[in-house]
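Peer 1: Please read through the structure below; I'll follow up with questions.
The values are calculated or read from the model by the stated rules, or taken from the named source; none is laboratory data. Small disclaimer: the values here were computed from a predicted structure and weren't measured. Quick reminder, even Gly has a Cβ in these numbers, built from the backbone with ideal geometry, and neighbours come from all protein chains shown. Surface areas here come from the heavy atoms of the whole protein model, side chains and all, with no ligands, DNA or RNA. Shrake-Rupley method; radii C 1.70, N 1.55, O 1.52, S 1.80 Å.
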Amino acid sequence: MAKPHSILSLLLVCFSLLNAAPNPDLGPLMAFKVASDASNKLTSWNATTDVCAWRGVTCLNNRVSRLVLENLDLHGRVDQLSSLSQLRVLSLKHNRLYGSVPDLSDLTGLKLLFLSHNDFTGEFPAILPSLFRLYRLDLSYNNFTGEIPTTVNRLTHLLTLRLEENRFTGSISGLNLQNLQEFNVSGNMLAGEIPATLSGFPDTAFFGNSILCGFPLQNCSQVSSDPTRPGSSGAIASPVNPAGKPSTVASSPSSLPANLPIKSPPKHGGSNKLKPLAIIAIIIGDILVLAVISLLLYCYFWRSYGGKTGENKPTSQILEGEKIVLSVFVHESYWEGNRGPGRTPLDWTTRLKIAAGSARGLAFIHSSCKSLKLTHGNIKSTNILLDKSGNARVSDFGLALTSIMHVLRKAGRNRVKQEPNRGLAVHITE
């Protein structure tokens, strides 16, 4: 049986051998530096230092998972980087790298790929649709040619697809990326109709193509055989950023949006502006509706409360030798008996009833006195009396019909008496 200290020693030796083993990503990275870093910008890249401490390199479990080399004037091909099988992020923006994109089929965990502002050539990389974990793909400002394949639809997690300022041709009608949030194909030579799945992006996403048509561009029936080619601003086209203002997408898996809403494309079928004729029709319709409602309310209250005079009868006693004006006896006026603290407020049904009764009284005055052209002339709350049933009575009217006002003007000793809460009685003495 082996002694315990012998087993421990064996384990320590194995661990030391594992630590002494070179990083498998060291060779490909050094080969890439030799081939592309003619200006020696990557000074920290040497075999004597840890790969994970190099400029632009981030490791996970001692393997390179993130490689960001931007604006370093790198010049050459990138074939050596296809061996970095644990890469999650690869950003080589703003360099002078050229050639076709290598076979990246070993980079099965790649999520972010930024190759914009270089001199890459060839057709759309056929291997890219197999990288099903891709979230961001930016091939803009290069010299790619050929058609954009419909196999891109396999990238169901893709949020960004930027292909502007290349030389892509053909149609994009087959593209259907449901989760896409950033999209730009401006400055290419695309033709045909824009699919409904992409029509929700602004027109800046499609500018600069030869015969591309459909919403948000002009209708396909209006496109001529030799159209002028509008300029392209190359801005990011995104429903999240519809103004087309350039923005920077961070080269980090931590920047992936988790719960951003996906905007659906707008519906076609006409302008959102209302025509003048439609506005006039709406106004007339509103007026007619108000008129019908007012008529129904008037008829309802007239049938419900019209003609109900209650049991009020003239009760004033006529004194011998005196001229008086009689009015309907009102037992208690609401305005006089319901004032001050603790008063009972009127509900809306009672208010409408009072208003309708007052209106009927005025209508009667105006209709029955047309030949005399008389009006009330002094409508106010104190001239609207209420009986026990809450029916409105219009008071302080009718003196002119009996010529009493003429008598009042000439009388030297006239006296008008108005008893509180009792209506109106005019007492005249000659």
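Peer 1: I need the full set of residues from the range 58-97 which are β-branched (Val, Ile, Thr) and over 39 Å from the mean Cα position of the chain (by Cα), in order please. Give the steps one after another, and end with the answer.
Peer 2: Start the filter on the range 58-97 by keeping residues that are β-branched (Val, Ile, Thr), which leaves 58, 64, 68, 78, 89.
Of everything in the range 58-97, those that are β-branched (Val, Ile, Thr) and over 39 Å from the mean Cα position of the chain (by Cα) turn out to be 58, 64, 78.
Peer 1: What number of residues within the range 107-145 satisfy the criterion of being closer than 24 Å to residue 96 by Cα, under 35 Å from the mean Cα position of the chain (by Cα) and open to solvent by 50 Å² or more (accessible area, probe 1.4 Å)?
Peer 2: Counting residues in the range 107-145 that are closer than 24 Å to residue 96 by Cα, under 35 Å from the mean Cα position of the chain (by Cα) and open to solvent by 50 Å² or more (accessible area, probe 1.4 Å) gives 3.
Peer 1: Would a scan of the range 150-157 turn up a residue that is closer than 21 Å to residue 64 by Cβ, without any contact (Cβ under 8 Å) to a residue 60 or more places away in the chain and not aromatic (Phe, Trp, Tyr)?
Peer 2: Of the range 150-157, the ones closer than 21 Å to residue 64 by Cβ are none.
So far as the range 150-157 goes, no, none of its residues is closer than 21 Å to residue 64 by Cβ, without any contact (Cβ under 8 Å) to a residue 60 or more places away in the chain and not aromatic (Phe, Trp, Tyr).
Peer 1: Next question, about the same structure. Please go through the range 36-70 and pick out each residue that is under 22 Å from residue 121 (Cα atoms) and in a loop (DSSP other than H, G, I, E, B). Step through it out loud before you land on a result.
Peer 2: Taking the range 36-70 first, the residues under 22 Å from residue 121 (Cα atoms) are 36-38, 67-70.
Within the range 36-70, 37, 38, 69, 70 qualify.
Peer 1: Suppose we keep only residues that are open to solvent by 50 Å² or more (accessible area, probe 1.4 Å) and part of a helix (DSSP H, G or I) within the range 360-397. Which one would you say is modelled with the lowest pLDDT?
Peer 2: Selected residue: 368.
Peer 1: When residue 336 is evaluated against the numbered criteria (1) modelled with pLDDT of 60 or more; (2) surrounded by 13 or more Cβ atoms within 10 Å (Cβ to Cβ); (3) outside any loop (DSSP other than H, G, I, E, B), which criterion, by number, is the only one it fails?
Peer 2: (1)
Peer 1: Scan the range 40-94 for residues that are touching a Gly at 6+ places or on another chain (Cβ under 9 Å) and of a type in the set (Asp, Glu) and jot them down.
Peer 2: Within the range 40-94, 70, 79 meet the criteria.
Peer 1: Scan the range 71-109 for residues that are touching a strand residue (DSSP E or B) at 6+ places or on another chain (Cβ under 6 Å), among the charged types (D, E, K, R) and assigned to a loop (DSSP other than H, G, I, E, B) and report the count.
Peer 2: 3
Peer 1: Looking only at the range 66-81, count every residue that is over 16 Å from residue 40 (Cα atoms) and free of Cβ contacts under 8 Å to residues at least 40 places away in the same chain and tell me the total.
Peer 2: 2
Peer 1: So, one more: Specify the residue that is nearest to residue 35 (Cα to Cα); the eligible residues are those in the range 110-136 that are outside any strand (DSSP E or B) and of a type in the set (S, T, N, Q). Give the derivation first.
Peer 2: Filtering the range 110-136 down to residues outside any strand (DSSP E or B) leaves 110-111, 115-118, 124-135.
Pick out the ones that are also of a type in the set (S, T, N, Q) and you get 116, 118, 130.
Details: 116: 20, 118: 16, 130: 28 Å.
The qualifying residue nearest to residue 35 (Cα to Cα) is 118.
Peer 1: Quick one: which of 58, 48 is open to solvent by 50 Å² or more (accessible area, probe 1.4 Å), among the polar types (S, T, N, Q) and modelled with pLDDT of 90 or more? Working first, answer last.
Peer 2: Details: 48 fails: modelled with pLDDT of 90 or more.
Matching residue, one of 58, 48: 58.
Peer 1: Would you check which residues across the range 27-43 are open to solvent by less than 40 Å² (accessible area, probe 1.4 Å) and not basic (Lys, Arg) and list them?
Peer 2: Result: 28, 29, 32, 36, 37, 42.
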